[in-house]
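A.B. asks: First, the structure itself, so that you have it in front of you.
The values are calculated or read from the model by the stated rules, or taken from the named source; none is laboratory data. Bear in mind the structure is a predicted one, so any value in this text is a computation, not a measurement. Using ideal geometry, Cβ is built from the backbone for each residue, glycine included, and neighbour counts are taken over all protein chains shown. In case anyone asks, the SASA skips ligands and DNA or RNA and just uses the protein heavy atoms, side chains included. Shrake-Rupley method; radii C 1.70, N 1.55, O 1.52, S 1.80 Å.
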Amino acid sequence: MEAKPAEVQRAKQAGEVYDQSGDRWVWTAPSVWTERMLEALEKGVKGGIWFSLIDKVYTMRNLRAAFEKVRANRGAAGVDHQTIEMFETNLETNLERLSEELAEGRYSPRALRRHWIPKPGSSEKRPLGIPVVRDRVAETALRHVLEPIFERDFAEHSYGFRPRRGCKDALRRVCQLLKAGYTWVVDADLQRYFDTIPHDKLLGEVKRKVADSRVLDLVEAMLKQGVMDGLAYWEPKEGTPQGAVISPLLSNIYLDPLDHEMASRRYEMVRYADDLVILCRSEAEARRALADLQEWTANAGLRLHPEKTKIVDATQRGGFDFLGYHFERGYRWPRRKSVAKLRTTIRSKTGRNQGKSLKIIIETVNQTLRGWFEYFKHSHQTTFPPLDQWTRMRLRSILRRRRKLRGRARGADHVRWPNAFFAERGLFSLSGAYAQCRQSLSRRTINWRAGCGRSASPVRREGERIQSSLPTPIPSSRSSLS
């Protein structure tokens, strides 16, 4: 019987500050985490609870480092209409004032500016809360202090909004589990997760590791800061504001007990923020996992979406979506909403009546195509030709319009402007990039085997590993993400 994939891993409880690669905590803010503090973090503090943290939050060194991150992330102005550039004009004065307010307990976050953004492939809109620059700096400084404390014990199978992790890691883990025979999948959807987290229970989770009352008051104030939507104002009773700097960390803190609960019951769960799947070996196991998940979410004050949460057999038609990909019958390709979002973006850049030169249009289209391919290059090869054809059709329609012809490109236009015409002008080809990616990885495999000999088992295993990471979606018994 095939061995079960590794159990959830926790950080080491004692030993060196850094792991074998020498960079375990390199992502932490040096403005807060000195070598001595990192050693205490690694070994563990008494009772697992940290005291006296507020003085780390309001230091000018930490606030300056926080502002640098806020400036790098850019972002719009909040309800006070103050931009990052305006805040920076009197930076030292603004930071000193913020430091004094935090130190003296006078700090109070201002209201969030409500902004609505469209959901890809849907007529619905997602609410964002935009803090003022001053509050973004304060939240970043607080996150510098709190994140390593909780990151130390976060579960291995949680990938969203965590240092040195991302979507590709989560997708790779899903592929590994499908390969190992975990093809019965609980595809779960936490309904309005960020808007429904109970404040009291979330603060209870924070208190498990933090005992500084002023830090706890600061977290609570950030959770309860008001919202301005036009002229309407209200204070939320639950949830974490999407768009706030501290929100991703708090959302991970609240779901961390779920991660460890599922691991203790030997379920293979992969979670990216509120997007999660549980992969099982049998339908019976999947049904037990779903029942346990329903019980946990009910006790936590959360809700599973009754229509979007389901059990699927990944070896049959239907499959499941996860982080933009669709998995089905051992293959993977972009889900419909991902393709729809790409088409919408390309369509906005290729209007027939615009006056930009073809060179400029192709450059802007290439930016979108390259970014999209970098994420979806692990899709089935049949994904790319139709999108290339559609993009060229959009460009031909522009050229057709400039000849004062109506309608979209048709048969004769393919002769006037053949595929080579656009290739010569530098149009990015999804199909061509896919072919180059395969060739490059194939050459690496051949070089490994030719240079070291097929008889050397470690080299042969490495070659097989590289071969298995080819972006062709193949039956799940061999598929993986690189």
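A.B. asks: Could you compute the longest span of the chain free of GluC sites (Glu not before Pro) located in DSSP loops and having at most 10 other Cβ atoms within 10 Å, not counting the site residues?
C.D. replies: Details: sites that count: E2, E124, E307.
Between exposed loop sites, the widest span is 125-306.
A.B. asks: Which one of F373, V339, W390 has its Cα pushed farthest toward the positive end of the charge dipole of the stretch 338-428, where Lys and Arg give +1 and Asp and Glu give -1 at the Cβ?
C.D. replies: W390
A.B. asks: Name the residues of the stretch 246-267 whose amide N is less than 14 Å from a point 7 angstrom out from the Cα of V45 along the C-beta direction?
C.D. replies: none
A.B. asks: Nearest 10 degrees, 0 to 90: what angle lies between the long axis of helix 213-223 and the longest principal axis of the chain (Cα atoms)?
C.D. replies: So the inclination is approximately 40 degrees.
A.B. asks: To the nearest 20 debye, what is the magnitude of the charge dipole of the chain about its Cα centre, counting +1 on the Cβ of each Lys and Arg and -1 on the Cβ of each Asp and Glu? Please report the intermediate quantities before stating the final value.
C.D. replies: Working: 86 positive and 58 negative charges, 748 e Å.
The calculated dipole for the chain is roughly 3600 debye.
A.B. asks: Once the principal axes of the Cα atoms of the stretch 130-272 are found, what is the range along each, listed largest first in whole angstroms?
C.D. replies: Dimensions of the stretch 130-272 along the principal axes of its Cα atoms: 52, 35, 26 Å.
A.B. asks: Of I361, L302, Y272, which is farthest on the positive side of the dipole of the stretch 265-402, counting Cα position, with +1 on Lys and Arg Cβ, -1 on Asp and Glu Cβ, and the Cα centre as origin?
C.D. replies: So the residue furthest toward the plus end is I361.
A.B. asks: Determine the share of the stretch 23-155's accessible area contributed by carbon and sulfur atoms, expressed in whole percent, with a 1.4 angstrom probe. If you can, show how the numbers build up before the last one.
C.D. replies: Numbers: 3270 of 6490 Å².
Of all accessible area on the stretch 23-155, carbon and sulfur atoms account for 50 percent.
A.B. asks: Another question about this same structure. If I model a spin label at Q191 and T315 as a point 7 Å from the Cα along the Cα→Cβ vector, what separation in nanometres do I get?
C.D. replies: Rounded to a tenth, the inter-label distance reads 3.3 nm.
A.B. asks: Continuing with the same structure: Where does the longest stretch of the chain lie that holds no chymotrypsin sites (Phe, Trp or Tyr not before Pro) found in a DSSP loop with 13 or fewer other Cβ atoms within 10 Å? Before the final figure, lay out the partial values.
C.D. replies: Numbers: sites that count: Y18, W27, F51.
With chymotrypsin sites (Phe, Trp or Tyr not before Pro) excluded where exposed in loops, the chain gives 52-482 as its longest stretch.
A.B. asks: Further question: Test of understanding: extend the Cα→C-beta vector of E283 to 7 Å, then name every residue of the stretch 185-203 with backbone N under 16 Å from that spot.
C.D. replies: Label zone hits: 185-187.
A.B. asks: Ok, one more. Could you calculate the contour length gain from W27 to R403, that is, 0.36 nm times the residue separation minus the distance between their Cα atoms, to one decimal place in nm?
C.D. replies: 129.8 nm
A.B. asks: Roughly how many nanometres apart are two label points built 7 Å out from the Cα toward the Cβ at D80 and K308?
C.D. replies: With each label point 7 Å from Cα toward Cβ, the separation is 3.5 nm.
A.B. asks: Can you tell me the orientation of helix 247-264 relative to the chain, as the angle in degrees between its alpha-carbon axis and the longest Cα principal axis, to the nearest 10?
C.D. replies: 80
A.B. asks: Moving on to the next point. Accessible area per residue for the chain in Å², computed with a 1.4 Å probe and the full protein assembly in place, what is it? Let's see the in-between values first.
C.D. replies: On the way: 23970 Å² over 482 residues.
Per-residue value: 50 Å².
A.B. asks: How long is the gain from S348 to E295 if the chain were fully straight, where each residue apart is worth 0.36 nm and the alpha carbon distance is subtracted? Please report the intermediate quantities before stating the final value.
C.D. replies: Numbers: separation 53, 0.36 × 53 = 19.08 nm, distance 4.48 nm.
Going from the current span to full extension adds 14.6 nm.
A.B. asks: Calculate, in nm to one decimal, what E124 and D217 gain on full extension: separation in residues at 0.36 nm each, minus their alpha carbon distance. Before the final figure, lay out each step's value.
C.D. replies: Working: separation 93, 0.36 × 93 = 33.48 nm, distance 3.44 nm.
Gain in length upon complete extension: 30.0 nm.
A.B. asks: Next question, about the same structure. Take R208 and F161, extend 7 Å from each Cα along the Cα→Cβ direction, and tell me the distance between the two endpoints in nm.
C.D. replies: Label-label distance for R208 and F161, simple model: 1.7 nm.
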